[in-house]
Amino acid sequence: MNRLIERVSFGALPHAASALIALIAMMALFLATPAHAAPGVRSVPSCTKVNVSSTIEVAAGATWDGTAIYGKWVCLVGTASNMKGTQSESQIPMFKLNNGATVKNVVIGDGSLGSGTNLAAGGADGVHCYGQCNITNVYWADVGEDAATAIKLSGVTSKLTISGGAAFKAADKVFQHNGDGTVVISDFYVDNVGKLYRSCGNCSTQYARKVTVSGVRIGTVNVAVVGVNSSYDSKSGISGKYDVATISDLVYSGSKTKCDTYVGTGKGSEPGKDTNSSNIARACIFK
């Protein structure tokens, strides 16, 4: 009986080993494949202009889908004085996303006004996310004050996920991170912008923030790809903390830095550059 078991076990071993080797090879291939390959160069979809005079609010957990609502691509253009898309801090958002909300398949701003930045093209202050939100396949034809801002919601750890789409003509940054938690940017294209992302340098309440940039292609960036606070001073209220930017599958051949580092501070003060090499290394992670 024991000899029969030995013959069966050893006879099956080569087949089991072959299957194991095949499985390991498949796992290695999967792990070697980028999670988000950068897209090619993108342009704004052809769209029908729709004037907007006040913020569009999306309820918690709901989805606002432009192509489903209008049956075609539309470009939303703010017409109110505080939706012109200037760098004024008084600009209101085109969309307010409550916790769990999604906006998708729409163009924000009028891209036909020229090739410069700060053209007051009706982009308003983009999208405001309160808590955890998704922005999917949205195009900013002309970024207003910002394209999107992550804002703290009491009791919720913030997470803003941007996937698909593109942004153009931003005088300053594209995505602004004021709340806590994480901003995730993937499968995205930008051109003629100041920065892709900035963690708030002097918010009244500061947080150690995270940003993940994966599969992003950048044309022209005028300042830096991302800006993070690699340290925080005593005025920030979180001295000893720091942001972390994790960047992978980034396609950018320009001369601007990929990860700009600052000393985060409190409201009323201006954040200075952080040139400490140890701080930079812990805050800017490239994969």
³J(HN,Hα) computed for each position of region 247-257 - Karplus, 6.51 cos²θ - 1.76 cosθ + 1.60, integer Hz, glycine/proline x:
10, 9, 6, 8, 10, 7, 10, x, 9, 6, 5
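Give me the 1.4 Å probe accessible area per residue for region 130-287, excluding ligands and nucleic acids, in Å². Walk me through the numbers on the way to the answer.
Values: 5710 Å² over 158 residues.
Ligands and nucleic acids excluded, the figure is 36 Å² per residue.
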Given a cut-off of under 8 Å on Cα pairs at least six residues apart, what relative contact order in percent is computed for the chain?
13
Under 12 Å from a point placed 7 Å out from the Cα of residue 99 along the Cα-to-Cβ direction: which residues of region 109-143 have their backbone N that close?
130-133
If amide H atoms are modeled at 1.01 Å from N in the peptide plane, then the residues at a separation of 5 or more from residue 64, or on another chain, having amide H under 5 Å from its own are 102, 103, 104
For region 60-187, calculate the relative contact order in percent as a whole number, restricting contacts to Cα pairs under 8 Å that are 6 or more residues apart.
23
Hey, in the GNM for the chain with a 10 angstrom Cα cutoff, which one of 215, 71, 264 fluctuates hardest?
71
Pop the C-beta distance of residue 79 and residue 59 into the FRET formula with R0 = 30 Å and round what comes out to the nearest 0.05.
0.80
Expected 222 nm ellipticity per residue - DSSP helices of 4 or more, -39500 (n - 2.57), all of the chain, to 500:
-5000 deg cm²/dmol
Karplus-derived HN-Hα couplings along region 46-61 (A = 6.51, B = -1.76, C = 1.60, θ = phi - 60°), whole Hz, x at Gly and Pro:
4, 8, 9, 6, 10, 6, 10, 10, 8, 4, 8, 9, 10, 5, 3, x
In whole Å, how far is the Cα centre of region 81-147 from that of region 158-172?
9
Between 0 and 90 degrees, rounded to the nearest ten: what's the tilt of helix 2-32 against the longest Cα principal axis of the chain?
20
Let's test the formula: R0 of 22 Å, r as the Cβ-Cβ distance of residue 112 and residue 72. What FRET efficiency results, to the nearest 0.05?
0.80
Using θ = phi - 60° and Karplus 6.51 cos²θ - 1.76 cosθ + 1.60, couplings along region 171-179 (whole Hz; Gly, Pro as x)
5, 10, 8, 8, 10, 10, 10, 9, x
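Identify the trypsin sites (Lys or Arg not before Pro) of region 64-146 meeting these criteria: DSSP loop state and at most 12 other C-beta atoms within 10 Å of the C-beta. All intermediate terms of the calculation are to be shown ahead of the outcome.
Details: sites: 72, 84, 96, 104; in loops: 72, 84.
Qualifying residues, ordered by number: 72.
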Which pairs in the list 159/267; 159/258; 152/273; 84/267; 195/273; 169/287 are over 20 Å apart, alpha-carbon to alpha-carbon?
159/267; 159/258; 152/273; 84/267; 169/287
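The values are calculated or read from the model by the stated rules, or taken from the named source; none is laboratory data. Source: prediction; values computed, not measured. Here the Cβ is made from the backbone with ideal geometry for all residues, glycine too, and neighbour counts use every protein chain on show. Areas reflect the complete protein model, heavy atoms only, side chains present, ligands, DNA and RNA absent. Shrake-Rupley method; radii C 1.70, N 1.55, O 1.52, S 1.80 Å.
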